[in-house]
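Q: Below is one structure. I have some questions about it.
Every number here is computed from the coordinates shown, using simple stated rules; none is lab data. Keep in mind the model is a prediction, meaning the values are calculated, not measured. Neighbour counts are summed over all protein chains in view; Cβ atoms, including those assigned to glycine, are modelled from backbone coordinates with ideal geometry.
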Amino acid sequence: MTSRSLSEKQENPPDESEEASEANATPSSDPDDEDVMDTMKLTRDISPQPAFDINGDPIVPSQYEKLLYGATVEVHFALTSWVFLGKDAKAMNIPVIREMLVASPPRPPIASPMKKKI
């Protein structure tokens with residue numbers, strides 16, 4: 001398997017007016033996340049983690065929240081270990097996600113008879 005990075009520094013960052021592609025879509029509805037992602041899009045090539053539905057079809061990043069939130073997901077990953085020797089010797093274990101597969105989709109929300117749109 002090959003290793004992949006979530007983002008790589010761009011050689012020639014695009015102008016701010018250039019539109020983001022589907023691959024650079026923010027897979028979150030949190031406005032704070034969107035601000036961070038907008039800043040990163042100007043200087044980095046964003047590479048979302050690959051995610052696949054039950055049938056093995058790829059899920060596009062703009063659908064991550066809708067299709068992955070609340071789902072049971074099987075994650076394939078590798079564990080990379082780094083040991084730093086010296087006066088303050090440390091060991092770091094970093095999980096590197098290879099792919100995510102939806103094992104079971106999210107359950108539909110339970111409609112409460114008490115909740116009604118006005």
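Q: Between residue 83 and residue 62, what is the spin-label point distance in nm, taking each point 7 Å from the Cα along the Cα→C-beta axis?
A: According to this spin-label approximation, the distance is 4.8 nm.
Q: May I pose another question? Roughly what would the spin-label model give for residue 93 and residue 52, points 7 Å off Cα along C-beta, in nm?
A: Label at residue 93, label at residue 52, 2.6 nm between them.
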